[in-house]
Amino acid sequence: MAGPAMAAAARPYGRILIFTLLDDRAADFDRLAEETAEEVRTGEPGTLVYVIHLVPNAPMQRIFYEIYQDRAAFDSHESQPYMQRFMAERRACVLATNMIELRLKYAKVAPLPTPQPLAAAGPWGPQGPAGPPRSRSLPPARPQRPDQPRYAERYDEWRPDQRQVPSGRPYGG
């Protein structure tokens, strides 16, 4: 290979898979997906990211986010026996599948934090009592004055009876 074809082969390759599961087969799919993900984690150095997401507002959906070192790493991933098994066995659990191919434009990748046992870290984290706490509770919410307009926390919470839309512009103006 030479020129653009070689550059395309060396580029990271990614995809997003969205599975819509059958109601009574979600547990079977999750078990199969977790077994497969563990094989990917331990045996595929060319797989850079392999994440399975649950969708809180759509409990029958699973989203897989995958990034491979290059197209060859993806092809190797797809040819593994555990992936062949996953592809064959998932059919009985899946109502629909959507796949989106990705072309990397920009990336910032940080390593995932390593979980530490709470007993070993103590209540203040690994720095001990002298260090700052790992997390702090939020201060109590301030009560809102009745003369202040209510702002929606999210756009889908806006109601016509509110005086302002989430953008802060007056309603109707």
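Quick rundown of the values:
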quantity	calculated
Gain upon complete extension [Val55, Ala10; 0.36 nm per residue less C-alpha separation]	13.0 nm
Karplus-derived 3J(HN,Hα), 6.51/-1.76/1.60, for each residue of the stretch 33-50, Hz, glycine and proline x	5, 5, 4, 5, 4, 5, 4, 4, 4, 8, x, 10, x, x, 8, 7, 9, 9
Charge context of Glu44, other residues only, Cβ under 12 angstrom, K/R +1, D/E -1	-4
Pairwise FRET efficiency - Arg85 versus Tyr106, Cβ, R0 = 41 Å, nearest 0.05	0.75
Distance (nanometres) between label positions extended 7 Å along Cα→Cβ at Asp30 and Thr42	2.2
Environment charge at Arg91 (Cβ cut-off 14 Å; Lys +1, Arg +1, Asp -1, Glu -1)	+1
Distribution of pairwise C-alpha distances over the stretch 14-88, 10 Å bins, in %	19, 53, 24, 4
Amide H contacts under 5 Å for Leu21, placed H, 5+ residues apart	Gln61, Arg62, Leu95
5 angstrom amide H check on Asp70, placed H, neighbours 5+ away	Tyr13
Charge tally in the Cβ shell below 15 Å around Tyr13, where Lys, Arg are +1 and Asp, Glu are -1, Tyr13 excluded	-1
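None of the figures in this text is laboratory data; all of them are computed from the coordinates on show. Source: prediction; values computed, not measured. Neighbour counts are summed over all protein chains in view; Cβ atoms, including those assigned to glycine, are modelled from backbone coordinates with ideal geometry.
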